[in-house]
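The values are calculated or read from the model by the stated rules, or taken from the named source; none is laboratory data. Please read these numbers as outputs of a predicted model, since none were measured by experiment. When we count neighbours, we look across all protein chains shown, and the Cβ atoms used for this are built from the backbone with ideal geometry, even at glycine. Protein only, heavy atoms only, side chains kept; ligands, DNA and RNA dropped before computing areas. Shrake-Rupley method; radii C 1.70, N 1.55, O 1.52, S 1.80 Å.
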Amino acid sequence: MIDYTYYCDVCDKGCKNEELFNRHMSEHQKCSVPDCNYVAVPKLIKLHYDMVRRGKVTHQYQQHKVKFSV
């Protein structure tokens with residue numbers, strides 16, 4: 001297992017150095033739904049949005065994690 005110095009919890013992605021981490025973080029976008037604070041790379045934003053539309057998750061946002069409904 002690789003121990004990354006820089007790690008994005010939201011995307012579950014590790015980076016070898018600060019430059020790569022900053023580049024990754026600069027790709028993050030905010031969910032376009034009003035009052036939703038979810039922030040991630042566009043691929044995860046789309047997945048998040050699609051899951052919300054299907055009713056599988058709510059737009060409640062806590063510590064960079066999507067809250068799944070049971």
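Checked against (1) under 15 Å from the mean Cα position of the chain (by Cα); (2) open to solvent by 70 Å² or more (accessible area, probe 1.4 Å); (3) modelled with pLDDT of 85 or more; (4) not acidic (Asp, Glu), residue 67 passes all but a single condition, namely (3). Beta carbons closer than 8 Å, at least 6 apart along the sequence or on distinct chains, pair a first residue in segment 12-33 that is assigned to a strand (DSSP E or B) with a second that is open to solvent by 90 Å² or more (accessible area, probe 1.4 Å) for 13/7; 14/2; 14/7; 15/5; 15/7.
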